[in-house]
Each structure stands twice: as structure tokens, then as C-alpha cells.
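The values are calculated or read from the model by the stated rules, or taken from the named source; none is laboratory data. Treat the numbers as computed from the prediction; the structure is a model and nothing was measured. Note that we place each Cβ from the backbone using ideal geometry, even for glycine, and neighbour counts take in every protein chain shown. With ligands, DNA and RNA removed, areas are computed over all heavy atoms of the protein, side chains included. Shrake-Rupley method; radii C 1.70, N 1.55, O 1.52, S 1.80 Å.
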Amino acid sequence: FIAVSRQLESYLVEGVGVRSARVARIINGVDVERFRRAERKAGGPVVIGSVTRMQEMKDPLTLARAFVRLRERGVPARLVLVGDGPLLSEVRRVLESADAARDATLAGNREDVADLMRSFDVFALSSRVEGISNTILEAMATGLPVIATRVGGNEELVEDGVTGTLVPPRDPDALAEALARYVADSGLREEQGRRARARAEREFALDAMVAQYLAVYDDVLAP
């Protein structure tokens, strides 16, 4: 059995009863050539970006409410939400009711996510439940600091205080506070983004993932 996160590994061993010797953990890989760093342009508002499904488990409403709180504090930033789903109209309503929609873009489903990622300055994900988030891996490969909720496999990807910040789920105030720090500090964004890219290249590149799968096959097929 191959689990993509420690949480799923524990579930297989402790919940299902699979012998630990029969379980391997291999985190998903990311195409570090397609998702790559871009030169950050000085000037203009900081762009907070997210790529997610607009559904309850991904909780885009918490991110929308956190952005509203930033606006209430006078923090100059823009929000770009990429993705579609049943909560899209409610996200739009939250932003419009707080007069924050003019500083937000709801992009819907897009095929050019790698290009859009390079226009972000910070990546945010407010999921209530998560396995291993491919979009966090893509953001790291793009050289973005990641602010994410402390759920599921997010803790395995985001090194708190090193490559980003982890916040409690369903807490727009905590998310807004974290986002405000990154909006105000370009040095923090640059340093943590650089570390995120380095970790993606070192640990999560496709070649590294393939090598781990091959090692499992070699072990299983050995005489």
C-alpha cells in the first residue's frame, strides 16, 4: 500500500490494520519545470492567490472572509481565486457585500494555472480537510510562500516559519493576521519563497517521486 501522507499511512496501519511493513509513504511529485519561479515585480498591490475547488471541504469562504478583514484593516492587496464549484456564488456574495469584489478576481476553472501562479506573491489555502495538496506543491515549485490550514498533509509540505505559515482551520482572523504579515514584508515573501522552491526541487520533483516508486517495486519484486 502506498500512502501519500502520514495521516493516510496511520489510517492504513491503525484504522484498517495493514502491517506497517506493507505500507510505504510517497508524497506526490510536481513538475518543477512547468511550475517555476518568476521575477517578482516591485510596486503595485501584493497578490494573494489560491487554486482550489469551491466546495465545503476546501472552505474558500474562510479565505474570502480573511481577505475582507484585510480590507477592513486597510491592507493593500489583491485576491485571485482560481477554481469553480457550488460555493463560488457565495464567495462572490461575501466579497461583494463587503465592497471587496473590486480588489478580487474569481477566475473560475483555468487551463493556464502555471502562468497564473507566477503572477501571485503569496499562496493561500484554507481547507478544512486535506490529503496532500497538489496546488501547495505547485505553489512551492513556483517559489511562493504558502499560508495554509493545519490539517491533513499540509504540515508535511509547509514548514511553519520556514516556507510559509500554518493557521487553524475555519479561522478567518488568524488567516488574515498571517496574510497581513506577508503583505507587509517583501523580504519574508522572497526568503520563504526561495526555500519553498528549493524544497520542491529537492524532495518533490517528479524524478524523486518516480525513484521512490521504483524502490517499492524493486523491494516487492525481489526474490
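Descriptive notes on the structure:
- Residue identified as among the acidic types (Asp, Glu) and under 16 Å from ARG40 (Cβ atoms) among GLU190, GLU159: GLU190
- Evaluated against (1) free of Cβ contacts under 8 Å to residues at least 60 places away in the same chain; (2) in a helix (DSSP H, G or I); (3) out of contact with any helix residue (DSSP H, G or I) (no Cβ under 9 Å at 6 or more places or on another chain), LEU8 falls short on exactly one condition, (1).
- Odd one out for THR163 among (1) open to solvent by less than 60 Å² (accessible area, probe 1.4 Å); (2) out of contact with any helix residue (DSSP H, G or I) (no Cβ under 6 Å at 6 or more places or on another chain): (2)
- Any hit, the stretch 76-97, residues being over 21 Å from PRO169 (Cα atoms), surrounded by fewer than 17 Cβ atoms within 10 Å (Cβ to Cβ), out of contact with any Ser or Thr (no Cβ under 8 Å at 6 or more places or on another chain) and among the hydrophobic types (A, V, I, L, M, F, W, C): no
- Identity of the residue in the stretch 118-138, closer than 20 Å to ALA184 by Cα and not in a strand (DSSP E or B), that ends up most open to solvent (accessible area, probe 1.4 Å): SER119
- Residues considered: VAL216, VAL183. Of these, the only one that is assigned to a helix (DSSP H, G or I), surrounded by fewer than 18 Cβ atoms within 10 Å (Cβ to Cβ) and in contact (Cβ under 8 Å) with a residue 24 or more places away in the chain is VAL216.
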